[in-house]
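Here is the structure we will look at.
The values are calculated or read from the model by the stated rules, or taken from the named source; none is laboratory data. Just so you know, these numbers come straight off a predicted model, no measurement behind them. Every residue, glycine as well, gets a Cβ built from its backbone with ideal geometry; the counts of neighbours run over all protein chains shown. When the accessible area is computed, the model is the full protein with side chains, heavy atoms only, and any ligands, DNA or RNA have been set aside. Shrake-Rupley method; radii C 1.70, N 1.55, O 1.52, S 1.80 Å.
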Amino acid sequence: MSIRVQALTKLYGQQKAVDGISFSAGPGVLGFLGPNGAGKSTTMKILTCFIPQTAGTASVCGFDVIANPLDVRRHIGYLPESNPLYLDMYVKESLGFIAGIHKIHEPEKRIATIIEQTGLGPEQHKKIGQLSKGYRQRVGLAQAILHNPDVLILDEPTSGLDPNQLIGIRQLILELGKTKTIILSTHIMQEVEAVCNNVIIINQGKIVADDTLQGLRNKNINSTLEQIFISLTSN
Ligand code: ADP
């Protein structure tokens, strides 16, 4: 398994944002669902070494987030919810900058491959600030996958996109999920149906469902995914 989380807890002051969760994930797309404030982003930030946990352990490709943060970063790509980008940089320039950070061998070649893979070709000579939201998300994804990580953490990568942009990004996620372990947080149940193999539902810092998409459906035969979500998280 590429991701292993054991009894993970995060306290912000007195508040328990993540409350003793355990799960593991391997190649494929894992939908990470839950109401706002459930603890999804906090878990993602711990897995990507942005913040330390209060208790428990988390590892990525066998590397512990506290003991081996540089190895974790080498194996993980992260698209945060806010997708922070340097708006004054040109698309290619920004990818060159990230390639430099990762000391990527033959950066021009890799950047050309990634531009092709993420469909950035038509917009590659523009400044990021001139791009639509859909293309900005593609740049965020391109930056996250440039060093070819085994694990991808995508925090609401399709929020605010129009239906055409949405389909493009989803296809890309599906393609990447064939070889990589992807944790995808989203509020869009259609998206879960379209791209996820497995689903974790988190509520008030605790896991309330951890199953395959099919398994979740089989256990709730007459319910839609939305109804399952609501019944598990409405308290
Ligand atoms: P989600 O991503 O599921 O919406 P978060 O992980 O962002 O949830 O937040 C979980 C809880 O932790 C929320 O109640 C949120 O207000 C709180 N929280 C998140 N970040 C901080 C922080 N830096 N300081 C204090 N509380 C925080």
* Could you check, for the stretch 217-227, whether at least one of its residues is out of contact with any Asp or Glu (no Cβ under 7 Å at 6 or more places or on another chain) and open to solvent by less than 30 Å² (accessible area, probe 1.4 Å)? => no
* Is it the case that residue 7 is hydrophobic (A, V, I, L, M, F, W, C), more than 14 Å from the ligand (Cβ to nearest atom), under 30 Å from residue 213 (Cβ atoms) and not in a loop (DSSP other than H, G, I, E, B)? -> yes
* Residue ranges of strands (runs of 3 or more DSSP E) in the stretch 168-229 with at least 1 members farther than 22 Å from residue 118 by Cα and small (Gly, Ala, Ser) -> 206-212
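Kindly establish whether residue 52 is at pLDDT 95 or above and either closer than 22 Å to residue 141 by Cα or open to solvent by 30 Å² or more (accessible area, probe 1.4 Å) (or both).
Details: at pLDDT 95 or above: yes; either closer than 22 Å to residue 141 by Cα or open to solvent by 30 Å² or more (accessible area, probe 1.4 Å) (or both): yes.
In short, yes.
Can you tell me which residues in the stretch 69-99 are of a type in the set (S, T, N, Q) and open to solvent by less than 40 Å² (accessible area, probe 1.4 Å)?
The first filter runs over the stretch 69-99 and keeps only residues of a type in the set (S, T, N, Q), leaving 82-83, 94.
Across the stretch 69-99, the qualifying residues are 83, 94.
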* **the stretch 2-36 - residue that is free of Cβ contacts under 8 Å to residues at least 40 places away in the same chain and not polar (S, T, N, Q) and, of those, farthest from residue 154 (Cα to Cα)** => 13
